[in-house]
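Student: Sharing a structure below in structure tokens format, with a few things to ask.
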Amino acid sequence: MLDKVLLSDASLQEIDNELDKYPKDRRQSALLAALRIAQEEHNWLSDELIEYVAEVIGVPPVRAFEVATFYSMYDLKPVGRHKINVCTNISCMLRGCDQIVNYLQNKLGIGFGETTADGKFTLKEVECLAACAGAPMMQIGRDYYENLSPEKIDTILQALP
Amino acid sequence: MEIEFNTVRKAYNVCLPDSSRDQPWTLKSYQANGGYQALEKILREKTPASEIIEALKASNLRGRGGAGFPVGVKWSFMPRDADGQKYVICNSDEGEPGTCKDRDILRLNPHALIEGMTIGGYVMGATVGYNYMRGEFWQPYEVMERAMKEARQAGYLGHNLLDSGFDFNLYSHLGAGAYICGEETALLNSLEGLKGEPRFKPPFPATFGLYGKPTTINNTESFASVPAILRGNGKWMNSQWFKDLGVENSGGVKVFSVTGHVKLPGNYEIKMGTPFSELLKMAGGVWKGRKLKAVIPGGSSVPVMPAINIMKANMDYDSLQQNGSAVGAGSVIIMDETTDMVKVLERISCFYFEESCGQCTPCREGTGWLYRIIRRINNGHGTMADLDTLLDVANRIEGRTICALGDAAAWPVQSFLKHFGHEFEAKVMAMDGLYAASAGRAGAAANPANATADSA
């Protein structure tokens, strides 16, 4: 049925595991997870990949495009190896996220939504990530980093491959 | 796995474990502290669902996600004996700015949530549950997956729990980045693999929820409170114990996330009705020895309170309401005397503009309009007429949208203008003065043609 295979067996297996969570006739419930898994394998979601995911799940492509464009965690263009998501919402703002943002932008030489020339980092401004007691904070990949200072940022970024 | 514990400043061992407990996220630790006793007893004795519902009603536990609806009453709406699949769903889409309590419950006390949801399934006749966590919650997701595995192996989840004949399967579902999915019907759509757009109500989820089946959705903290309430501090089903911890209309203990300009930001699980001044003291007071200016007591959606109002209020539903705000999600954002209130409101309005799902015109257009005007005022290009427009737009969003996000965008604007309008006026007048001083440009700021230059 699929004339081209865009996902690894491991990713397809992971999608199957997600499908097991929902009733058999409700495959679309796994769409969010399937797009996430596809993005993790390919770094970003191309149109071709979104259509492929729709086919795997068994929904019309438009359903997958709707979801991919609605939620903020999907990347519809290539991003760096490490996506740095900095919270700038109130609690972080009150505790000096401006300084953190400035420091990151100067250190990396990029603004929000941009990627470093070596393709290592992408910087993103995000809304509240529910770690306000550790403000200012950011998320890189899956991990949260809290109570940030310029020195702490140096250490964190240096440790990333 | 090591999990940082330092955000829990005060625990009552209802939803948050205290720091004396070693690895509280493990089954062993949870059981050593009374965990799963309630579920075991219910399954063994086949406790009638109505008794559990009555106990919850008597406990005065109100929904901890923001609306404060009594949990026992909500559970009673489910047609438990009706044929067909029914669902219980946990809303762990914590995203209200200033709120960070559910993340700690998920990471530190996952079994309390599992036990609470399983009891919920039993009471409401639902054999399947979903825990909807926001997409960014990787660590909580992993902790939950591991805890659910432990629970399955111990017979607390899965098929024929402890030989009772009752089945309950629980699954984690991750979102993908959208504040609106914290709204319960948007959450249902998201669970179905759709855009997170809220649905019209009625029909309510109790009759037409996930996949059109009867569904009950509660917040993480609400579910996690249930086991301790039923254990009743050593006396089975003594939910009066929980009620008496709090005050009239606000039962029990609740987690407040205290953040912003405070010495010891963190989560405080305290008795409902505790004076705000005491909570502030627990949190070490305002940082840097400064004075308190304002507090948003329940997350960015609830009205802001000037220091003088909040200092005489207690942390419970009635008192905060009488003093002009709400408990909301219990997210207490502290602002010191140096805070620029226009800048704070600009950030809040930016948030709602960003997060509006775009379904209803008043919200989709109005949130952007609000944000652009406030940004203009903050940048020094506002006019006095802008202040009227601001209030006018806010008033016309409120109550005219499918879900409460529209109201949530309007309330901060109304309350900031009410209590701190002079700061907005000062920013406008500072520019008026400048313009007036430069020859030939008097009144330029009041000229709509100029004013809109910044409104793109």
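The values are calculated or read from the model by the stated rules, or taken from the named source; none is laboratory data. Small disclaimer: the values here were computed from a predicted structure and weren't measured. Neighbour counts are summed over all protein chains in view; Cβ atoms, including those assigned to glycine, are modelled from backbone coordinates with ideal geometry. Heads up: the accessible areas ignore ligands, DNA and RNA and are worked out on the full protein's heavy atoms, side chains in. Shrake-Rupley method; radii C 1.70, N 1.55, O 1.52, S 1.80 Å.
Student: Select from the stretch A:76-98 the residues that are assigned to a loop (DSSP other than H, G, I, E, B) and either within 13 Å of chain B (Cβ to nearest Cβ) or of a type outside the set (D, E, K, R) (or both) and list them in ascending order.
Tutor: Residues satisfying the conditions are A:Leu76, A:Pro78, A:Val79, A:Gly80, A:Thr88, A:Asn89, A:Arg95, A:Gly96.
Student: Out of all the residues in the stretch A:6-23, which are away from chain B (no Cβ under 12 Å) and open to solvent by 20 Å² or more (accessible area, probe 1.4 Å)? Quick ask: steps written out before the conclusion?
Tutor: Step one: of the stretch A:6-23, the residues away from chain B (no Cβ under 12 Å) are A:6-16.
Matches in the stretch A:6-23: A:Leu6, A:Ser8, A:Asp9, A:Ala10, A:Leu12, A:Gln13, A:Glu14, A:Asp16.
Student: Filter the stretch A:75-97 down to the residues that are within 18 Å of B:Ser300 (Cβ to Cβ) and open to solvent by 50 Å² or more (accessible area, probe 1.4 Å) and list them by number.
Tutor: Matches in the stretch A:75-97: A:Arg95 only.
Student: Inspect the stretch A:57-74 for any residue being of a type in the set (Asp, Glu), open to solvent by 40 Å² or more (accessible area, probe 1.4 Å) and over 18 Å from A:Val126 (Cβ atoms) and give the result as yes or no.
Tutor: So in the stretch A:57-74, the residues of a type in the set (Asp, Glu) come out as A:66.
In the following step, the residues that additionally are open to solvent by 40 Å² or more (accessible area, probe 1.4 Å) were identified as A:66.
Imposing the further condition that a residue be over 18 Å from A:Val126 (Cβ atoms) reduces the set to A:66.
The answer is yes; a qualifying residue exists.
Student: Does A:Val53 meet the test of being without any contact (Cβ under 8 Å) to a residue 60 or more places away in the chain, closer than 19 Å to B:Glu192 by Cβ, part of a loop (DSSP other than H, G, I, E, B) and within 14 Å of chain B (Cβ to nearest Cβ)?
Tutor: No; evaluated as a whole, the condition is false for this residue.
Student: Find the residue count for the stretch B:347-401, including only residues that are of a type outside the set (Asp, Glu) and closer than 20 Å to B:Met429 by Cα. Give the derivation first.
Tutor: Residues of the stretch B:347-401 that are of a type outside the set (Asp, Glu), as a first pass: B:347-353, B:356-364, B:366-385, B:387, B:389-391, B:393-397, B:399-401.
Checking the rest, the ones that are also closer than 20 Å to B:Met429 by Cα come to B:370-385, B:387, B:389-391.
So the answer is 20.
Student: Collect the residues in the stretch B:132-165 that are of a type in the set (A, V, I, L, M, F, W, C), over 13 Å from B:Met117 (Cβ atoms) and more than 14 Å from every other protein chain (Cβ to nearest Cβ), keeping them in residue-number order.
Tutor: If the condition is that a residue be of a type in the set (A, V, I, L, M, F, W, C), over 13 Å from B:Met117 (Cβ atoms) and more than 14 Å from every other protein chain (Cβ to nearest Cβ), then B:Ala154, B:Leu162 are the ones that fit.
Student: Can you give me the number of residues within the stretch B:121-149 that are touching a residue at least 12 places away in the same chain (Cβ under 8 Å) and surrounded by fewer than 19 Cβ atoms within 10 Å (Cβ to Cβ)?
Tutor: Of the residues in that region, 5 qualify.
Student: Given the criteria open to solvent by 50 Å² or more (accessible area, probe 1.4 Å) and within 14 Å of another protein chain (Cβ to nearest Cβ), does A:Asp47 qualify?
Tutor: Against the criterion (open to solvent by 50 Å² or more (accessible area, probe 1.4 Å) and within 14 Å of another protein chain (Cβ to nearest Cβ)), A:Asp47 does not qualify.
Student: Hey, does the stretch B:394-402 have a residue that's at pLDDT 95 or above, surrounded by fewer than 22 Cβ atoms within 10 Å (Cβ to Cβ), among the hydrophobic types (A, V, I, L, M, F, W, C) and closer than 17 Å to B:Ser415 by Cβ?
Tutor: No; the residues of the stretch B:394-402 include none that is at pLDDT 95 or above, surrounded by fewer than 22 Cβ atoms within 10 Å (Cβ to Cβ), among the hydrophobic types (A, V, I, L, M, F, W, C) and closer than 17 Å to B:Ser415 by Cβ.
Student: State which residue is farthest from the chain's Cα centre (by Cα) when the search covers only the stretch B:222-252 and only residues that are free of Cβ contacts under 8 Å to residues at least 12 places away in the same chain and not in a helix (DSSP H, G or I).
Tutor: Selected residue: B:Lys235.
Student: Something else: Which one of B:Glu354, B:Glu346 is closer than 28 Å to B:Ile308 by Cα and not aromatic (Phe, Trp, Tyr)?
Tutor: Testing whether each residue is closer than 28 Å to B:Ile308 by Cα and not aromatic (Phe, Trp, Tyr) leaves just B:Glu346.
Student: Give just the number: which of (1) under 22 Å from the mean Cα position of the chain (by Cα); (2) part of a helix (DSSP H, G or I) does B:Val393 not satisfy?
Tutor: Condition (1) is where B:Val393 drops out.
Student: Now for a separate question. Which residue, of B:Glu337, B:Glu278, B:Glu269, is among the acidic types (Asp, Glu), crowded, with 21+ Cβ neighbours inside 10 Å and more than 12 Å from chain A (Cβ to nearest Cβ)?
Tutor: B:Glu269
Student: While we're looking at this one, here's another question. When you look at B:Ile180, is it crowded, with 17+ Cβ neighbours inside 10 Å, under 25 Å from A:Glu146 (Cα atoms), at pLDDT 95 or above and among the β-branched types (Val, Ile, Thr), yes or no? Please lay out each step first, then the result.
Tutor: Working: crowded, with 17+ Cβ neighbours inside 10 Å: yes; under 25 Å from A:Glu146 (Cα atoms): yes; at pLDDT 95 or above: yes; among the β-branched types (Val, Ile, Thr): yes.
When the stated conditions are applied, B:Ile180 passes them.
Student: Further, regarding this structure: Given the condition within 9 Å of another protein chain (Cβ to nearest Cβ), touching a residue at least 12 places away in the same chain (Cβ under 8 Å), open to solvent by 10 Å² or more (accessible area, probe 1.4 Å) and under 30 Å from B:Phe353 (Cβ atoms), answer yes or no: does some residue in the stretch B:193-200 qualify?
Tutor: Checked against the condition, which is being within 9 Å of another protein chain (Cβ to nearest Cβ), touching a residue at least 12 places away in the same chain (Cβ under 8 Å), open to solvent by 10 Å² or more (accessible area, probe 1.4 Å) and under 30 Å from B:Phe353 (Cβ atoms), the stretch B:193-200 yields at least one hit.
Student: Would you be able to tell me the number of residues in the stretch A:99-119 that are open to solvent by 40 Å² or more (accessible area, probe 1.4 Å) and outside any helix (DSSP H, G or I)?
Tutor: Result for the stretch A:99-119: 7.
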